1. Answer with yes or no whether Thr434 is under 24 Å from Ala585 (Cα atoms), under 26 Å from the mean Cα position of the chain (by Cα) and open to solvent by less than 10 Å² (accessible area, probe 1.4 Å).
2. What are the pairs with Cβ atoms under 7 angstrom where one residue, in the stretch 523-537, is in a strand (DSSP E or B) and the other, located anywhere, is open to solvent by 30 Å² or more (accessible area, probe 1.4 Å)? Sequence gap at least six, or different chains.
3. All but one of (1) of a type outside the set (Lys, Arg); (2) open to solvent by less than 40 Å² (accessible area, probe 1.4 Å); (3) at pLDDT below 95 hold for Phe384; state the number of the condition that does not hold.
4. Identify all residues within the stretch 253-274 that are surrounded by fewer than 24 Cβ atoms within 10 Å (Cβ to Cβ), hydrophobic (A, V, I, L, M, F, W, C) and in a helix (DSSP H, G or I); write none if there are none.
5. Under 8 Å between Cβ atoms, at least 6 apart or on separate chains: pull out the pairs that start in the stretch 289-310 with a residue that is open to solvent by 30 Å² or more (accessible area, probe 1.4 Å) and end on any residue that is of a type in the set (Phe, Trp, Tyr) and part of a helix (DSSP H, G or I).
6. So Ile93 fits all but one of (1) β-branched (Val, Ile, Thr); (2) open to solvent by 20 Å² or more (accessible area, probe 1.4 Å); (3) modelled with pLDDT under 85; what number is the exception?
7. Would you check if there is a residue in the stretch 187-200 being among the small types (Gly, Ala, Ser), at pLDDT below 90 and not in a helix (DSSP H, G or I)?
8. For the stretch 129-143, name all the residues that are more than 16 Å from Ser56 (Cα to Cα) and either assigned to a strand (DSSP E or B) or open to solvent by less than 20 Å² (accessible area, probe 1.4 Å) (or both).
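The values are calculated or read from the model by the stated rules, or taken from the named source; none is laboratory data. Everything quoted here is computed from the prediction, not taken from an experiment. Here the Cβ positions follow ideal geometry from the backbone for every residue, glycine too, while neighbour counts run over all protein chains shown. Please note that ligands, DNA and RNA were not included when accessible areas were found on the heavy atoms of the full protein model with its side chains. Shrake-Rupley method; radii C 1.70, N 1.55, O 1.52, S 1.80 Å.
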Amino acid sequence: MGRAPLRAVAMRVRRLPYLERGLCAVAVLLLVIAVYLHGGNDIRLSFRATSEGAGSIQLYYSEESGFSESRSQIFAIGDAADRHMTNPISGTISKGIRVDPQPGMKALYVCDITLWIGSSQRLVRGSQFRSSNEVKAAPNGRCTTLTVDPRAADPQTLLDMAPFQSEIQAVNRAAERSVRVLVSVALLLFLAVALLGRWRRGYAQAGLSVPDMHRVLPGMYLFFALVLGSLFVVVTPPGGVPDEPAHLAKIVLVENGQWVGGHEGAVLDPPLSKLLGPFDGFLNPATQFEAAEVLEHASAPLRCRPAKEDFVGSAASYSPTMYTVGAVLLNLSCRADTTVGAFFYAARWLNLLLSVTLTFFALRAAGPLSWPIAMFALMPMSLFEQASLTADSMTLGLGFLMMGLHAGLASGHLQLTRRLELGILVASVALAFTKPGAAWLCAGFLLTWPAYRPHVRRFAVMCFMLILVPWILHATWVLWSSQYGIPRVGIDVSANVNALTEDPSRVAMLVWNTFTGDEGEFLYMSVVGRLGWLDVVMSYWAYSLGYLVLAASLLMKGDATRDPPRFTRPVAILLGLGAVLIPVAPMYLYWTTQSAQAVQGLQGRYFIPMLAFIACWVAWRAEPARFAVALFSFLVVLVINVNALYHLVARYYG
């Protein structure tokens, strides 16, 4: 009789799926707090700064391995009045703080430098600056004058933090202990969930495995992508996306009837200067604006009058198909005599809507393989590019759509029909006329072999139609339009071609250095998010969380009707790695100098479709963890996108 109450309690627990859900939610929250504590601590630096002229400084917070862009911040310095800045510092400061004034900057006055360690306040003396040949430090009371050598290409000086190392290390040790405790408790909670799941009957039916997760994922993605993407549309000033002025010029040229080519001094209607207004000079980190300036420019009338002017022609060789939406809208805006803002922001938003819609259908098509695609598509870098006037918007949307169609057919989520094959053909041809190298994703059709097992001849014909035909179209277009390609100033394309044929081992070493050397860190960061003109860096912990979400997406394969053959994963990895190397070629030919130690001009955003392709095909099922991963992923996606928006606003509006 004494065991009856215990049995009653046990039966209630067995019928309570919300217990596991609650434990998963607590574990995810503890992991988020642990990642946040790992990327930051209670250390802050405050100071006042002014200069005889406008400029900027970049602060690097050192690690044991030295200084890196990922742990640095850029601050605009005006000449009107002192600017007071307080900023948190992530991790350690083992070698001090490196201060890099902008080249050519006049005297810089830094005052009241204070280091906050926990609740303690420490005054940093001017004598702790280490003068160099490029920057001279002259302490004067509570201020220090930094004088920059006008001939210095990369001026820098070091602020010695050795007197505070013991206190900094104490704070770091406390944070590390907290991280270990939080992670341990979270792992114990996940273990408890697994044990409860095995013990309680009806585990799968209770909903913890969320069998319908991949059915609701497209709708969830659509909501998040449109809301967050719309915020990027509004917050980013005109031209505030890498190369957006060049792509805007391409839109004008296409609307004017010049579908390919374009050169400096051409006639544009309307002129690019009228569309961009005062929003230029983004490569200068001191460039900032007032919200009133943006509103004033947006409300200006769109006067479509032809004028001859210079413009950046780096998008001249791209296919006009990627600019159709912008060109049609520009034509309608000119006819309606609307405002600059009405055209500019409507064009961005329509690009976002089209690209996100294509991704939405990709997720619906991919079914059980959709989760990795969704997570890559929700990274700040992806949304930022989709919400722009650049060619990346359409390239990302069509790339995701191609993956989704192939994945859905291979997994059995989509039935093999002539209509589906026609849809894949249309998407393949459209992808063939996007950015160079993107058509490589058509090779993913090879992985749909399980759907064609009873129809070998049909599969061979479809491989020709859906892989070789788009490749031929893509290669023909790229080779023909390359005559309109404009190399970087000072680049000898023929010399790079000769170097490739005469000494391929050196070029291979350049590629190796690109992914493993100092440039590699920039590439990995810009997969998750390097916004603005690649100078808007999110918080250090946001990158860790972003990659954690991308890695966790590999556990989120759903219940497929058809299991893939064993060769699927290795073939997908080989195809994906081949696609990753394709963007290297044009960057080497058109952007890399002969003396470079790595391929120049590469950005992580070029590799987003290829990395999503690999993740989609190599994902596997981790049944007990799927609810926790889903909860964790969407929480992190929201947090890091808000962090990206915050830093974007801070960069452009102070």
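1. Details: under 24 Å from Ala585 (Cα atoms): yes; under 26 Å from the mean Cα position of the chain (by Cα): yes; open to solvent by less than 10 Å² (accessible area, probe 1.4 Å): yes.
Criteria met by Thr434.
2. Val536/His647; Val537/His647
3. Unmet condition: (3).
4. Leu272
5. If the second residue must be of a type in the set (Phe, Trp, Tyr) and part of a helix (DSSP H, G or I), the pairs left are Glu290/Tyr653; Ala291/Tyr653.
6. (2)
7. Narrowing the stretch 187-200 to residues among the small types (Gly, Ala, Ser): 192, 194, 197.
Imposing the further condition that a residue be at pLDDT below 90 reduces the set to 192, 194, 197.
The next check asks that each one be not in a helix (DSSP H, G or I); those that pass are none.
No.
8. Scanning the stretch 129-143 gives Phe129, Arg130, Lys136, Ala137, Ala138, Pro139, Asn140, Cys143.
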